[in-house]
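Please treat every number below as a calculation from the coordinates, not as lab data. What you see is a predicted model, and the numbers here were worked out from it, not measured in a lab. No Cβ is skipped: glycine too gets one built from the backbone with ideal geometry, and neighbour counts run over all protein chains shown.
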Amino acid sequence: MSATGSAPPAPTRESTTEPGRGPRAPRLGWRDRALRLDVRLMPYVLISPFFLLFLAFGLFPLLFNGVVAFRTWRLDDPTLDGWAGLANFRRLFGDDAFWNALYNTSGIFILSTVPQLLLALIIASLLNRRLRAQTWFRMGALLPYVTPIVASTLVFKVVFERDHGIANWALSFLGLSSAANPIDWHATKTASWIAIATMVNWKWIGYNALLYLGAMQTVPRDVYEAAALDGASQWRQLWRITVPMIRPVVIFTVVLSTIGGLQLFTEPMLYDLNVQGATGGSGGQWQTVAQLIYKVGWKDLNLGYAAAMSWALFLIILVITLANALLTNRLGGGRK
Amino acid sequence: MTIARAPQDTPGSRWTYLFLLLMLAFSAFPLYWMFVISTGDESAVSKTPPQAIPGNQLLTNLREVFTLQDVFFSAGLVNSVIVATVTTVAQLFFCSLAGFAFAKLRFKGRNALMVFVVLTLTIPNQLAVVALYILTGKLGLNGTLLAVIAPGLVTAFGVFYMRQFIVGAVPDELVEAARVDGATVTRIYRSVVLPAIRPALAVLGLLTFVATWNDFQWPLIQLQGTDYPTSMVALSDLASGNYVLYRRVLSGALVATLPLLVVLFLGGRQIVRGIMEGAVKS
């Protein structure tokens, strides 16, 4: 994200012909005039489809959401439409469902982000070795990335069945589950969070590993050569050299997975036995905030309150993303 | 370890391969399991130890999925193709146009507008669904494919990605030479830029297609309860209700996943490259 900030008037790399700066021709033919107009106007024509569509369907809804949050806006009764003042936000603070959803979202978020990024780092460092069939390993890492979350979640739902699921079958060898006393992956917060976090991890480890790998390959070789001479082990190499060198990408993935993780919707929706109820389990064990927003808006038909909730989530995401980015920056900055 | 070697020059050890193979198995396992269940009868779901070999019931299961009432699975597939194709084509066209302008043309406000694009890169649009729904409602689009498609037609990421690629892939001299020859901006886009950015179009196209095909929340909000859902919404219908048969659910999932496995098989190298390069540039 460079080269866009402040550009001094001296164009070195991206210089193109500038209209009206060259030696002035005494008379211009219609053709030259047309070309000049073309050069001056066409850039705006080229960017306008993007900006019009983006303003209409991207930016405007985001701002308009702020207005809706201060209104009563019901899908079933448009006549009730009016200003609500702070009522929606006041209700939010006392809403147990919201705090429960926020708690679930945070729990699943931590269980999914931390192992996800750590494993991705380790896999990337292994993929960074000289390997046979490396293209296949890389493409294999993308299998989960292209698989629809709806489809994979439905598979995991079978895997995490209480009575005959593969997860419990595998855990029975470790003595963690048995036919007489199986783990019910839908019953408790901890169990359902782990199940959902597993799905999230499955989906994104490979993708993040490729992001890291791309960055790792740009680390100059001589940095490692100097370190290897000092007798640094490969494990130390990874944490002392590689990670600090690819810090921007690490921060980028932390930001991405924070923004994505706090909006988790599809996995908790499809994991439910009653898919479209959006309750996140019989007692809301794993209901996330994004799910609750959907339920309030399109099941309870209260769009105003759903908008207020969206704004609250937006602020939370903003704060946590910034905090995580700063934290990651400091962790990586502890070198030398 | 006293050998002065970078990781790239260190051959993978046996443990490296073992670990990577384990991860590969972990990645592929749910897809394999999807296949096993969708080819078997319902008893395969509840076998201990688990059924390991696919059965021969795939066609039976598929026939049931496609003929189920209230699910509209074939309409879902058709709609997914429409939505994903239209979105992909629009993204490629609009984002390459804007990317070209930002990369190679000079105009007033260019830098400020580009900063705006970068700033909006990470805005979580999903949080605006409520207002977006009201907007599409006012436009009279709710419950239509157009409402599903409209918000995806352009992304800030697409413009950013295209700009970054065009800055490096299209030499300024070439643009200038074309201009001296009297080529219009449109002409330059068609004959100079487009041929040079094919690889980037492939990457952005594949990523957009995959993301759009897999999108769930917005299509669910728009098309839930209609008889023309997208394949993901149809799948969620298939998995709802009191009497859910997993051989059906997962054979539906298999069909809805298959197009993307084909995409990965055909364009996997480009996607890998696109993601890895994206990392360097961001």
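Based on the alpha-carbon gyration tensor of the protein assembly as shown and its eigenvalue square roots a ≥ b ≥ c, which shape applies: rounded if a/c is under 1.5, prolate if not and a/b is larger than b/c, or oblate? List each step's numbers first, then the result.
Working: a/c = 1.69, a/b = 1.25, b/c = 1.35.
In terms of gyration-tensor shape, oblate.
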* To do: With only alpha-carbon atoms counted, please give the Rg and Dmax of the stretch A:22-148, in Å.
  => 27.7, 77
* Relative contact order (percent) for chain A, with alpha-carbon contacts under 8 angstrom and 6 or more residues of separation? -> 25
* Asked: On a 0 to 90 degree scale, rounded to 10, what angle separates helix B:73-104 from the longest Cα axis of chain B?
  -> 20
* Structure fact -> If one compares the long axis through the Cα atoms of helix B:246-281 with the longest principal axis of the Cα atoms of chain B, the angle in degrees, nearest 10, works out at 30
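Counting other Cβ atoms within 10 Å, keep those with at most 13, restrict to DSSP loop, and tell me which chymotrypsin sites (Phe, Trp or Tyr not before Pro) in the stretch B:179-282 are left.
Numbers: sites: B:189, B:209, B:213, B:216, B:243, B:246, B:265; in loops: B:216, B:243.
The qualifying sites are B:243.
I need the trypsin sites (Lys or Arg not before Pro) found in the stretch A:108-208, filtered to DSSP loop residues with at most 11 other beta carbons within 10 Å of theirs. Walk me through the intermediate numbers first.
On the way: sites: A:129, A:130, A:132, A:138, A:157, A:162, A:189, A:203; in loops: A:129, A:132, A:162.
Sites meeting the loop and neighbour criteria: A:132.
Using the Cα gyration tensor of chain A, with a ≥ b ≥ c the square roots of its eigenvalues, what is the shape: rounded (a/c below 1.5), prolate (a/b larger than b/c) or oblate (neither)?
On the way: a/c = 2.31, a/b = 1.20, b/c = 1.93.
Here chain A falls in the oblate category.
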* Asked: Packing-wise, with mean Cβ within 10 Å as the measure, how do B:68-78, B:148-158 rank, highest first?
  -> B:148-158, B:68-78
* Asked: For B:14, B:63, what's the fewest-to-most ordering of other Cβ within 10 Å of each Cβ?
  -> B:14, B:63
* Nearest 10 degrees, 0 to 90: helix B:198-214 Cα axis against chain B principal axis -> 40
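What relative contact order, as a whole-number percentage, does chain B give when Cα pairs under 8 Å and 6 or more residues apart are counted? Could you put the intermediate results ahead of the total?
Details: 268 pairs, mean separation 87.4, N = 282.
The value is 31 percent.
Remind me, relative contact order of the stretch A:167-317 in percent, using alpha carbon pairs under 8 angstrom and six or more residues apart? Working shown, then result.
Working: 109 pairs, mean separation 26.3, N = 151.
Once divided by the residue count of the stretch A:167-317, the mean separation gives 17 percent.
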* What nm distance separates the two modelled labels at residue A:40 and residue A:76, each placed 7 Å from Cα along Cα→Cβ? -> 6.0
* Asked: Using a simple spin-label model with points 7 Å from Cα along the Cα→Cβ vector, what separation in nm is obtained for residue B:32 and residue B:74?
  -> 3.4
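Mind checking the mean number of beta-carbon atoms from other chains within 10 Å of the Cβ atoms in B:180-193? Numbers along the way, then the final one.
Working: counts 1, 0, 4, 2, 5, 9, 4, 1, 2, 2, 0, 0, 0, 0.
Counting Cβ atoms of other protein chains within 10 Å of each residue's Cβ and averaging gives 2.
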* **Cα gyration tensor shape for the stretch B:210-272, rounded if a/c is under 1.5, else prolate or oblate** => oblate
* Distance between modelled label sites at residue A:184 and residue A:103, nm, 7 Å Cα→Cβ extension -> 1.9
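Return the ratio Rg/(2.2 N^0.38 Å) for the stretch A:30-83, where Rg is computed over Cα atoms only. Show your work: numbers first, answer last.
Working: Rg = 20.5 Å, N = 54, 2.2 N^0.38 = 10.0 Å.
Normalised by 2.2 N^0.38 Å, the Cα Rg of the stretch A:30-83 equals 2.05.
Which order results if A:317, B:188 are arranged by neighbouring Cβ count within 10 Å, fewest first? Spell out each step's value before the answer.
Values: A:317 20, B:188 24.
Going from sparsest to densest Cβ surroundings: A:317, B:188.
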* Roughly how many Å is it from the Cα centre of the stretch A:197-235 to that of the stretch B:212-237, as a whole number? -> 38
